[in-house]
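Each remark here refers to the structure printed beneath this line.
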Amino acid sequence: MAFDVSDLIIAKGMANYETLSELAGEDRVFYILRAKCKPVAKSLGVRVGDYIATFLTR
């Protein structure tokens, strides 16, 4: 599957963040989204309504 062998995955949107951020060790996913709710904003350390473009660092 292409997802398993890709060096970089660009995930656009909050739903992709909510799904893919649960995968352990997925430091190859670059997220582009707008934090539309408090739980997502809190998990990213931003305010509701902020736009985000980042790799997750844990």
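The values are calculated or read from the model by the stated rules, or taken from the named source; none is laboratory data. Just so we're clear, the structure is a prediction, and the values are computed from it rather than from any experiment.
Points worth noting:
- Note on region 10-58: among residues that are acidic (Asp, Glu) and in a loop (DSSP other than H, G, I, E, B), the one that is modelled with the lowest pLDDT is 26.
- The set of residues in region 1-25 that are within 10 Å of the chain's Cα centre (by Cα) and not aliphatic (A, V, I, L, M) comprises 12, 13, 16, 17, 18, 19, 21, 22.
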